[in-house]
Structure formats: C-alpha cells, structure tokens
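Following: one structure in structure tokens, then a few remarks.
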Amino acid sequence: MSGVDDPLVVHTPDDREIVLSRLFEAPARLVFAAFTRPELLVRWYGARGWRLVECDVDLRVGGRWRFVSQGPEGARMVQAGVYRQIEPPHRLVCTELFDDQSYPGETLVGHEFTELAGRTTVTTTLLYATAEGRDTVLRYPMARGVGQSYTRLADLLRSTTTIRGEQP
C-alpha cells in the first residue's frame, strides 16, 4: 500500500519546467487548506532544519503571499508572489520570486490537487522564465527540500481530520 511514505516524483518535461508529485492520505480539501492557510503552513512548510517565521497569505486572485523562512545558523530565505488562479480544492496558481534569487525572472507555480478515494495527489508544475533558471534550480537540493517538507505535510495530514471553520 502506498501512502505516508510515498516518495516525491520529479519530472522535467521540457527545458523550462519541473513537475513534482506526491500522494497524500487525505482529502483534497484538507491538502488545499494546508497549502493556503498560514496556521497550517507554519506547521509543515520547509526542509528539515527550516521553518516559516513569517507567513502572509491574501488568498484571492491578485492577492499577494510572502513566506520568510529561517534555517540553520540563522540563514534566511524570503519568497513571495501573487495568486493568479484559485479553485478550491482543486487548483492553485501563483507567481514566485525569491529575494536572493540566483536565476532570472518570475516562476509560475501551479498546484493541482487530485482526489481519488479520499487520497490526494499534489502535482506542482514550476515554469521558469528561462531554461537556465530551471537548470540552476535543478542543481540545488530542491527535490530533497520539497521531499522533506512534504514528509512534514504528510505527518500533519495524518494528525488532522478536519480543519477549523470547515464542514467535514
């Protein structure tokens, strides 16, 4: 049986895209909430040793988001963007730009939440402005970091059957 220990799958369908996917043992509405609600994001977002110390989400088309992460030895990472498409609990699209970005242009990030029998596959497509940008990111430990973050998300989802303010 697959589930909580499902690995992150990484594909590179073309020279500007990275596609990440993972199955979670939770309904799409809970997974979508974990991606969009600050009180949940701070509980899982970030690789091992990193945590969100600021998490601003203005969840509306045209609304901005901004995450400030703190890591080992006080390292700091700031990323932000604008929501472009919001279709709870199926789709979330936003831009992304890091304060200390090492590659050109904004990245378009699309999350698809596909539920089947109470389990949800999250498929994230990262579309970079240039092929060089995508290649730069592939040299980073991004897949390891996202994998660790998603492991934390799986743990959170296992302990959460409902989200405050939502109908079961």
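Return the FRET efficiency for the residue pair Arg158, Ser102: r is the Cβ-Cβ distance, R0 is 25 Å, and the value is rounded to the nearest 0.05. Between Arg158 and Ser102 the formula returns 0.10. Accessible area of Tyr140 (1.4 Å probe, protein heavy atoms only, ligands and nucleic acids ignored): about 100 Å². Pair-distance distribution P(r) for the range 43-106, from all Cα-Cα distances in 10 Å bins starting at 0: 20, 46, 30, 4 percent.
With the full set of protein chains in place, find how many percent of the accessible area of the range 1-123 is carbon and sulfur; take the probe as 1.4 Å. About 51 percent, which is the carbon plus sulfur part of the accessible surface. Taking other residues whose beta carbon is less than 12 angstrom from the beta carbon of Gln79, and scoring Lys, Arg as +1 and Asp, Glu as -1, yields -3. The label point for Asp58 and the one for Asp135, both projected 7 Å from the Cα toward the Cβ, are 3.7 nm apart. If I take every Cα pair under 8 Å that is 6 or more residues apart in the range 1-113, average their sequence separation and divide by the length, what percent do I get for the relative contact order? Reported relative contact order: 15 percent. Counting each pair of different Cα atoms once, what's the Kirkwood radius of the range 1-144 in Å, rounded to one decimal? Computed over Cα pairs of the range 1-144, the Kirkwood hydrodynamic radius comes out at 15.9 Å. Multiplying the residue separation of Asp15 and Leu116 by 0.36 nm and removing their Cα-Cα distance gives an extension gain of 33.3 nm. The residues of the chain have, on average, 52 Å² of accessible surface per residue, using a 1.4 Å probe with all protein chains present. Calculate I(q)/I(0) for the range 1-80 by the Debye formula, one identical point scatterer on each C-alpha and no solvent, and give its log10 at q = 0.14, 0.17, 0.19, 0.22 Å⁻¹ to two decimals. So the normalised log intensities work out to -0.64, -0.93, -1.09, -1.20. For the range 77-168, the average shadow cast by the Cα convex hull is 7.3 nm², which is a quarter of the hull's surface.
For His90, the solvent-accessible surface computed with a 1.4 Å probe is close to 100 Å², ligands and nucleic acids excluded.
The values are calculated or read from the model by the stated rules, or taken from the named source; none is laboratory data. The shown structure was predicted, so the numbers you read here are calculated from the model rather than taken from an experiment. Reconstructed Cβ throughout: ideal geometry from the backbone, glycine too, with neighbour counts over all protein chains shown. Keep in mind that these areas ignore ligands, DNA and RNA; they rest on the heavy atoms of the full protein, side chains included. Shrake-Rupley method; radii C 1.70, N 1.55, O 1.52, S 1.80 Å.
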